[in-house]
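Trainee: I'd like to ask some things about the structure below.
Laboratory data are not the source of any read-out in this text; all were calculated from the coordinates shown. All values reported here derive from a predicted model rather than from experimental measurement. All Cβ positions, even for glycine, are placed from backbone atoms using ideal geometry, and neighbour counts span all protein chains on display.
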Amino acid sequence: MNVSRIALVTGVAASSVLLLSGTAFAHVSVQPQGEAAKGGYATVNFKVPNERDNASTVKLEVSLPADHPMASAMPQPIPGWKAVVTKSKLAKPLEVHGKQITEAPSKITWTADGGKIGPGEFQQFPVSLGRLPEDADQLVFKAIQTYSNKEVVRWIEEAKEGAAEPESPAPVLKLSAAAEDEHGAAATGASAKDAKDAKNAGHDEDMKSEAASDSDSDTTARILGIVGILVGVAGVAFGVLAGRRRSA
């Protein structure tokens, strides 16, 4: 086998690996728009690629985590798609803004209503979620994707620590550290205000010092000006007297 044939075989093999890898990783996923902080609200995008060459995606069902229920789940309207939020009774009520919540969103279903995700395309489904739990590092959203040929793909497998990624992994949302609470924010605001006041006070002192310095400079300049005038007058007088003596 010559060098050219070896290079050709190697290139084909590499291309095959890349194509297979792309197919393996083209699954339903979820990513935040900006940040998804513990205890806060976030807008997330469920990204749905179409993996079939002969069918379109016409339905997506996303189950919200039952172990970490959230009081609010609001899908953003998408042309060509109808979104329905299903709520379920909670075993333990949630307290949100001082109110007891006895039911929470448990599933969001998007159904094609004139739209579709065709072969070689993907669609993002934005949702506003909150409040996010404070006692979790991630949230798992199990998803079911339905194609126009009635094929159903279940993205519901949870990854195990230390194990390879499952064939049909469930979308996972990573949560970032919690933001400052109201007390912390207030304290931070007070500190910032104190620092600003101190800076302003220092600035005022500098202004006073500069004003005093300018005043001293003006006084000195006036004195020097008066002395100069007096010296000039004395010089003129001296010149006049000297002229009279020579004339005499």
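Trainee: In µm²/s, what is D for the range 15-143 at 4 °C and 1.567 mPa s, where D = kT/(6 pi eta Rh) by Stokes-Einstein and Rh is the Kirkwood radius from Cα pairs?
Mentor: The diffusion coefficient I find is 81 µm²/s.
Trainee: At q = 0.24, 0.28, 0.29 Å⁻¹, what base-10 log of I(q)/I(0) does the Debye formula yield for the range 26-85 when every alpha carbon is treated as an equal point scatterer in vacuo?
Mentor: The calculated log intensity ratios at q = 0.24, 0.28, 0.29 Å⁻¹ are -1.31, -1.51, -1.53.
Trainee: Determine the distance separating the Cα centre of the range 117-158 from the Cα centre of the range 25-62; give it in Å without decimals.
Mentor: The range 117-158 and the range 25-62 have Cα centres separated by 5 Å.
Trainee: With each label point set 7 Å from Cα along the Cα-Cβ vector, what nm distance links Glu103 and Asn54?
Mentor: Output for this residue pair reads 4.3 nm.
Trainee: Given a cut-off of 30 Å, name the pairs among Lys38/Lys116; Lys87/Lys150; Lys82/Lys160; Lys99/Lys160; Lys92/Lys150 whose C-alpha atoms lie farther apart than that in the structure shown.
Mentor: Details: Lys38/Lys116 34 Å; Lys87/Lys150 26 Å; Lys82/Lys160 34 Å; Lys99/Lys160 37 Å; Lys92/Lys150 37 Å.
Distance filter (> 30 Å) returns Lys38/Lys116; Lys82/Lys160; Lys99/Lys160; Lys92/Lys150.
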